[in-house]
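Notes follow once the structure below has been shown.
The values are calculated or read from the model by the stated rules, or taken from the named source; none is laboratory data. Predicted model, so just to flag it, every value in this text is computed and none were measured. Glycine also receives a Cβ, built like all others from the backbone with ideal geometry; neighbour counts cover every protein chain displayed. Just the protein is used for accessible areas: all its heavy atoms, side chains included, with ligands, DNA and RNA removed. Shrake-Rupley method; radii C 1.70, N 1.55, O 1.52, S 1.80 Å.
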Amino acid sequence: AQAHIDAIAKARVLNAYLLETPDRALAMAEVADQKLAAGEARPLEGLPLGIKDLFCTHGVATTAGSKILEGFQPHYESTVSHNLWRDGAVMLGKLNLDEFAMGSSNETSAYGPVVSPWRRQGSDAKLVPGGSSGGSAAAVAARLCLGATATDTGGSIRQPAAFTGTVGIKPTYGRCSRWGTVAFASSLDQAGPIARTVRDTAILLASMSGHDEKDTTSVDLPVPDFEAALGRGVKGLTIGIPKEYRVDGMPAEIERLWQQGAEWLKSAGARIVEVSLPHTQYALPAYYIVAPAEASSNLARYDGVRYGLRVPGKDIVGMYEQTRAAGFGREVKRRIMIGTYVLSAGYYDAYYVRAQKIRTLIKRDFEEAYASGVDAILTPATPSAAFGIGEKANADPVEMYLNDVFTVTVNMAGLPGIAVPAGLDGQGLPLGLQLIGRPFDEETLFAAGQVIE
Ligand code: GLN
């Protein structure tokens, strides 16, 4: 814990931590020492972790990357972080993120962008770590924690993992409780870990998972022994390659990496087959209707009364307006406007209902692929390697949304997906591959992910 506290203090230029909690870390580490000495070690005894600042932590400021939560100190602990502390983990602090987890580069944080520890060969240009779990990914990559919690609504675990050469898994929707995690789009949000290896993510996910009566969408299924799946390999498995993911303009190096990944799995004993997921092209536009719709509803609660920031106005409506105008950033306001629009009386059927129908079709595509005998699906994790800070932030927002083209389908269908580092691009930056699994079959993703990492 002390070594990590020191490393964090030396790496503040990365802006990965929004809040460091060294006193808490050392107090927790002391308990860990006692447990270890008494031969009573819990599964994660003494492991120092960072927590994405979207998870409410009891008595510790939680911002969701937004000014609107300034000064908010939850009097409760999220179930996921609670489970980690129950198992002996040590909290190093709260990690930076895109505001309310809306973004793909960590540039929408009200507290400034996170800087990736990676650089292009021969260049000093600062790169994004991806988002929205950019602080989590950068902290793991820069060795500022052993592992971190993250959340994924449309790719926010897998895309930053791919950009930073780390491993990230979004489990099946319902595997982890969402209780105490600041909501973005409730039907898509899932927590998961980012860590250095597939093994580490398996160990962390086992602790994070489990039924929670405080979240009715958390499933009442036993958590499998994820570690037992490690080293199992892919012999006899069928891995599908979805032809629709071969999108126009895919860089040759991504295409090559994808091919290479398939070959690794094949030489480890898997059967590689082509599959078709015909509604893939509609996933991104449908996601950018469903997610803002749910966000506009979830964010209605930030009214200056219940949480954090309050800016006085001439009457109560004025206070709401002033608080929301000052408290939310541009991207969040854009999402609220899109969400409100697609849910409004005249447009509900044309946009929201339509997007929900598309969602069903996307889910069915996967069901058919799995019914045909496919055990997991291999795709690139992102359409490119990490880009420069500022490079896309001021462009057309759709440019940024395109980053999620390979990841949003998985949230729309509620499936588990893992991103594993698979190689470097021509400029020495990490590239990741994604494996998508059957519902509640994270085990196959761990086993296959290990073949690639
Ligand atoms: N980049 C996507 C978005 O901005 C996904 C974010 C996420 O998964 N939290 O909506």
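The residue that is least open to solvent (accessible area, probe 1.4 Å), among those in region 148-174 that are at positive phi and away from the ligand (no atom under 16 Å from the Cβ), is 174. For region 352-389, the set of residues classified as assigned to a helix (DSSP H, G or I), more than 25 Å from residue 132 (Cβ to Cβ) and among the small types (Gly, Ala, Ser) consists of 369, 371, listed by residue number. Of everything listed in (1) under 30 Å from residue 328 (Cβ atoms); (2) within 16 Å of the ligand (Cβ to nearest atom), the single unmet condition for residue 177 is (2).
Give the residues of region 334-366 that are exposed (fewer than 14 other Cβ atoms within 10 Å of the Cβ) and among the charged types (D, E, K, R), sorted by residue number. Those that are exposed (fewer than 14 other Cβ atoms within 10 Å of the Cβ) and among the charged types (D, E, K, R): 349, 357.
Checked against (1) out of contact with any helix residue (DSSP H, G or I) (no Cβ under 8 Å at 6 or more places or on another chain); (2) part of a helix (DSSP H, G or I), residue 202 meets all criteria but (1).
Within region 32-66, being assigned to a helix (DSSP H, G or I) and surrounded by fewer than 17 Cβ atoms within 10 Å (Cβ to Cβ) holds for 33, 34, 35, 36, 37. Just so you know, in region 407-440 the residues that are open to solvent by 10 Å² or more (accessible area, probe 1.4 Å) and out of contact with any Phe, Trp or Tyr (no Cβ under 9 Å at 6 or more places or on another chain) include one that is farthest from residue 237 (Cα to Cα), and it is 427. Tell me, which residue of region 283-316 that is open to solvent by 40 Å² or more (accessible area, probe 1.4 Å) and within 16 Å of the ligand (Cβ to nearest atom) is nearest to residue 370 (Cα to Cα)? Only one residue fits best here, namely 285. When 339, 308, 304 are screened for being touching a Lys or Arg at 6+ places or on another chain (Cβ under 6 Å) and within 26 Å of residue 56 (Cβ to Cβ), only 304 passes.
Here's the yes/no breakdown for (1) part of a helix (DSSP H, G or I); (2) in contact (Cβ under 8 Å) with a residue 40 or more places away in the chain; (3) at positive phi:
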| position | (1), (2), (3) |
| --- | --- |
| 210 | no, yes, yes |
| 213 | no, no, no |
| 219 | no, yes, no |
| 222 | no, no, no |
| 236 | no, no, yes |
| 247 | no, yes, no |
| 257 | yes, yes, no |
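Tallying residues that are surrounded by 24 or more Cβ atoms within 10 Å (Cβ to Cβ) and either outside the structural domain of residue 32 (by TED's automatic domain parsing) or not aliphatic (A, V, I, L, M) (or both) within region 114-137 yields 9.
Kindly evaluate residue 123 against the criterion of being within 11 Å of the ligand (Cβ to nearest atom) and among the polar types (S, T, N, Q). In short, no.
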